[in-house]
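Notes for the one structure printed next.
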Amino acid sequence: MLDVLVVGGGYVGLAVAVAVKQAAPHLAVEVIEAAPEDAWKKDPRASAIIAAATKMLEVFGIWDRIEPEAQPITRMIVTDSKTSDPVRPVFLTFDGAVEEGRPFAHMIPNVAMVGALRDACAAAGIRIRHGVMATGFQNTGPSADLSLSDGNVVSARLVVACDGVRSKLRDMAGIKTVTWDYGQSGIVTTVEHERPHDGCAEEHFLPAGPFAILPLKGNRSSLVWTERTGDAERLVASDELVFEEELERRFGHKLGAIRATADRRAFPLGLTLAREFVAPRLALAGDAAHGIHPISGQGLNLGFKDVAALAETIVEADRLGLDIGDLNVLERYQTWRRFDTFRMGVTTDVLNRLFSNDVTPIRVLRDFGLGVVDRMPSLKSFFIREAAGTTNGGAPKLLAGEAI
């Protein structure tokens, strides 16, 4: 029987496995992943990783490998305009450093991060089973039995669901969610441009939703482009000329000529919050527990905060001789993470509703508010430290760069 079985081999699932196994090598930990073994190598996307998450990767011993591929975000600007406006006034700017030599965030190619986490799993002796899905979940008292699509049944003292926002394991356990659709989709792609970005990230608030330009290594940037779902589907299906013309209208000419260099994909956007993060023998982490709007760039980082809190809960319970899958033990994790997740879900929901419109009185008020914040250095400093995950003194040890 396993001690911990992680369902889902993305960043969050792999990080849970590494965090637990490195802190408690005697625990038997495995990961199951529905995708084929090499599928992760074909992911062209990149993700924003906050400073607190890089500290956790340092504890794992893999940040030195990831850092050469990571682009520090040295500055961020925020604008609010119509798509047709010839000039986009900057209402808010942030400097990127939260500590000496540590920017508040990095952009990291997904393949670099997943590859490093997979190597850490291999070094720790964590088995990853590929091409299998969970088809049944049953709590049998001292353990949980997980039925797999290959016909096997695996028993574990604790199962961790990291299988995404449409988590089948969450549904099997009977955990309900609060869910609504924004009627928006996020178009994700990568562009090359003539001039360097100098590490500057940009968030343009447009009537259909935010248009984020996130710097990558070299003269490249990752885009998260929010549109109404029908328009997003039309743009993704359009030919290259139409797509790049619409892209240029939003991107502008400040970095010279631009060209999309990766497949464009559209993902429906909504809010999903699990009513419970835990059940007997089960814990939810990452998107299985919460799916939020990308307006703040915090979705993956919420998942890494889950990793740090859950791993600390498991390891400390084990050191005390407690049952790591007992509901009373898992309640600590839920208490630790649920309020922060709810707060971030509400914040992104309010921001999206506030900025994804072109109502003149609302526009005037929000631009006034942005201008006020821009003139208050102490408040800006608080916001950037909050975004970097460095303001909370009660944060899990891994997010402070400490081993469990």
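Bear in mind these aren't lab numbers, they're just calculated from the coordinates by the rules spelled out. Since the model is a prediction, treat every value here as computed from it, not as a measurement. Methodologically, a virtual Cβ is constructed for each residue, glycine included, from the backbone with ideal geometry; neighbour enumeration extends over all protein chains shown.
Overview of values
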{"read-out": "Residue (of Ala34, Val315, Thr335) at the positive-pole extreme of the chain, dipole from beta-carbon charges", "value": "Thr335"}
{"read-out": "Leading residue at positive end of dipole, the chain (Cβ point charges), from Ala161, Leu247, Cys121", "value": "Ala161"}
{"read-out": "Gap separating the Cα centres of the stretch 185-206 and the stretch 217-235, nearest whole Å", "value": "9"}
{"read-out": "Order of Asp287, Asp340 under a 10 Å beta carbon neighbour criterion, fewest first", "value": "Asp340, Asp287"}
{"read-out": "Whole-angstrom gap from the stretch 257-290 to the stretch 97-141, using each part's C-alpha centre", "value": "15"}
{"read-out": "The stretch 114-219 - charge dipole about Cα centre, Lys and Arg +1 at Cβ, Asp and Glu -1, debye rounded to 20", "value": "520"}
{"read-out": "Hz values of 3J(HN,Hα) by residue in the stretch 60-75 - Karplus curve (6.51, -1.76, 1.60), Gly and Pro given as x", "value": "5, x, 10, 5, 4, 6, 7, 4, x, 8, 8, 9, x, 8, 8, 7"}
{"read-out": "Kirkwood Rh, Cα atoms: Rg over Rh of the chain", "value": "0.97"}
{"read-out": "Hydrodynamic radius by Kirkwood, which averages 1/r over all alpha carbon pairs of the stretch 231-359, in angstrom", "value": "17.7"}
{"read-out": "Extension reserve of the Ala35-Asp119 stretch, reckoned as 0.36 nm per residue once the Cα distance is removed", "value": "28.5 nm"}
{"read-out": "Residue-by-residue Karplus 3J(HN,Hα) for the stretch 269-281, coefficients 6.51, -1.76, 1.60, Hz, glycine and proline x", "value": "10, x, 10, 10, 10, 5, 5, 10, 8, 9, 8, x, 6"}
{"read-out": "Test item: Cα-centred dipole of the chain, Lys/Arg +1 and Asp/Glu -1 on Cβ, debye", "value": "480"}
